[in-house]
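Notes follow the structure.
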């Protein structure tokens, strides 16, 4: 499995989580969740185009993903924060290994996901400043 495969899997999981969590949100958090889900879908689509353009077989999405039960807006926000952190960490992990073309894809997606993470952090009242988002603690 390549770093791009792993990143695509993270995007699939994020789309699933947003679908499950957004229904528990209202107002600005819901609007932002819908925007961020659309961004994950756009990243997924760009990655699928990359696979097609290079004659590669893209990994498929899972039928479902293991997420914590969501019962309210606070739980939905907490889940989506964790999802954004995981996606950013996944793309960051792909920066070092692999061929240059894959690292470029990972860098582009890392940059995009770091922005998404910062936007979600601000929306839920968590400090957005992090010089290396996605870095393991």
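One residue stands out among those in the stretch 55-101 that are farther than 29 Å from residue 29 by Cα and outside any loop (DSSP other than H, G, I, E, B): the one that is nearest to the chain's Cα centre (by Cα), which is 101.
Please go through the stretch 64-99 and pick out each residue that is touching a helix residue (DSSP H, G or I) at 6+ places or on another chain (Cβ under 7 Å), over 18 Å from residue 23 (Cβ atoms) and loosely packed, with under 14 Cβ neighbours inside 10 Å. Residue satisfying the conditions is 97 alone. Considering only the stretch 23-32, I want to know if a residue exists there that is within 17 Å of the chain's Cα centre (by Cα), within 23 Å of residue 115 (Cβ to Cβ) and either in a loop (DSSP other than H, G, I, E, B) or in contact (Cβ under 8 Å) with a residue 40 or more places away in the chain (or both). Yes, there is a match, as at least one residue in the stretch 23-32 is within 17 Å of the chain's Cα centre (by Cα), within 23 Å of residue 115 (Cβ to Cβ) and either in a loop (DSSP other than H, G, I, E, B) or in contact (Cβ under 8 Å) with a residue 40 or more places away in the chain (or both). Summed over the stretch 114-133, residues that are within 20 Å of residue 21 (Cα to Cα) and touching a residue at least 40 places away in the same chain (Cβ under 8 Å) total 7. Inclusion of residue 110 among residues that are assigned to a loop (DSSP other than H, G, I, E, B) and either within 29 Å of residue 23 (Cα to Cα) or touching a helix residue (DSSP H, G or I) at 6+ places or on another chain (Cβ under 7 Å) (or both) is not warranted. All conditions but one from (1) touching a helix residue (DSSP H, G or I) at 6+ places or on another chain (Cβ under 7 Å); (2) loosely packed, with under 15 Cβ neighbours inside 10 Å; (3) farther than 18 Å from residue 9 by Cα apply to residue 120; the one that does not is (2).
Table: residues versus (1) over 20 Å from residue 120 (Cβ atoms); (2) touching a strand residue (DSSP E or B) at 6+ places or on another chain (Cβ under 6 Å); (3) free of Cβ contacts under 8 Å to residues at least 60 places away in the same chain.
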{"site": "4", "(1), (2), (3)": "yes, no, no"}
{"site": "20", "(1), (2), (3)": "no, no, yes"}
{"site": "34", "(1), (2), (3)": "no, no, yes"}
{"site": "41", "(1), (2), (3)": "no, no, yes"}
{"site": "53", "(1), (2), (3)": "yes, no, yes"}
{"site": "56", "(1), (2), (3)": "yes, no, yes"}
{"site": "67", "(1), (2), (3)": "no, no, yes"}
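Summed over the stretch 69-94, the residues that are without any contact (Cβ under 8 Å) to a residue 24 or more places away in the chain and farther than 18 Å from residue 119 by Cα give a count of 1.
All of the numbers you see were taken from the coordinates with simple rules; none came from a lab. Worth saying up front: this structure is predicted, and the values here are computed from it rather than measured. Every residue, glycine among them, receives a Cβ derived from its backbone with ideal geometry; neighbour counts consider all protein chains shown.
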